[in-house]
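One structure below.
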Amino acid sequence: MSTSTGVPGSDSPTRPGRLQQVRRHWAPLVLTLAILLLVGAATTALDRAEVEFEDVSVRVGQAASVNGFVVSVDRVRATRTLDYDGPGRKKSATSANLILVLDVRAELPGPSETRNLDNVRLMTARGIRFAPARESMRVGTELGYRTTGYLWFEIPETDLAGARVTFVEGEILTTYRKRVVVDLGLDPATADRLRAAREPLSVSREEVSGL
């Protein structure tokens, strides 16, 4: 015959104390927060680090390859009024500056880790960088296909001569990237001719076709 100790719950499994329960509850949250802080610190350090580029330099009409992904700028035009395909209808952009329009082709003939070169900038002779209009094409395609479309940039007339366009491989957490640099052929005479352009231009949505 067993006797009772008189202590409530002495014959049942020991329950964790309140402090232990709190620790178990917060441990996953603390671990998640620590991981986010470490990732943020690594990203900040890379942002501050100097990015090294392996440049592939070409001219208008010449194709450049990055890991088998092929891109080219086939034509350069300019206007102050651009009609383009917006959601469901044609839209128009007008600028007191110059709208520089690039005809771009992207191809992926074989397997490649690179599927797009969306990090695009127009770089002036003074080192100023301009992003393309958000309505511009996405510079990417799928295996065995070609995508053609248009990029356009609004820039001051004075920054036209000597401008180049760059396409950068979109790697994450690395300070080494491949970059396509396209010489747009904008010598002073060509820049003067484009600055004089007054005719409106019209561009359509990007088109995809098989190779």
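The values are calculated or read from the model by the stated rules, or taken from the named source; none is laboratory data. These figures come from a predicted structure and were not determined experimentally. Cβ coordinates were reconstructed from backbone atoms using ideal geometry, including for glycine residues, and neighbour counts include every protein chain displayed.
Couple of notes before you dig in:
- Subset of region 128-160 [assigned to a loop (DSSP other than H, G, I, E, B) and surrounded by fewer than 18 Cβ atoms within 10 Å (Cβ to Cβ)]: Ile128, Ala131, Ala133, Arg134, Glu135, Arg138, Glu142, Leu143, Gly144, Pro156
- For Val208, the test of being among the hydrophobic types (A, V, I, L, M, F, W, C), in a strand (DSSP E or B) and buried (at least 16 other Cβ atoms within 10 Å of the Cβ) is failed.
- Near pairs, Cβ below 8 angstrom, 6+ apart or cross-chain, from region 94-121 (outside any strand (DSSP E or B) and at pLDDT 90 or above) to any residue that is crowded, with 18+ Cβ neighbours inside 10 Å and of a type outside the set (S, T, N, Q): Leu108/Phe69; Leu108/Val70; Pro109/Val70
- From the options Ala161, Ala197, Ala191, residue that is farther than 25 Å from Ala106 by Cβ and touching a helix residue (DSSP H, G or I) at 6+ places or on another chain (Cβ under 6 Å): Ala161
- Total residues in region 142-164, condition of a type outside the set (S, T, N, Q), touching a strand residue (DSSP E or B) at 6+ places or on another chain (Cβ under 9 Å) and farther than 24 Å from Ala96 by Cβ: 5
- Of all residues in region 94-107, one or more are among the hydrophobic types (A, V, I, L, M, F, W, C) and surrounded by fewer than 17 Cβ atoms within 10 Å (Cβ to Cβ).
- Members of region 81-93 found to be of a type outside the set (Ser, Thr, Tyr) and part of a strand (DSSP E or B), listed by number: Leu82, Asp83, Asp85, Gly86, Arg89, Lys90, Lys91, Ala93
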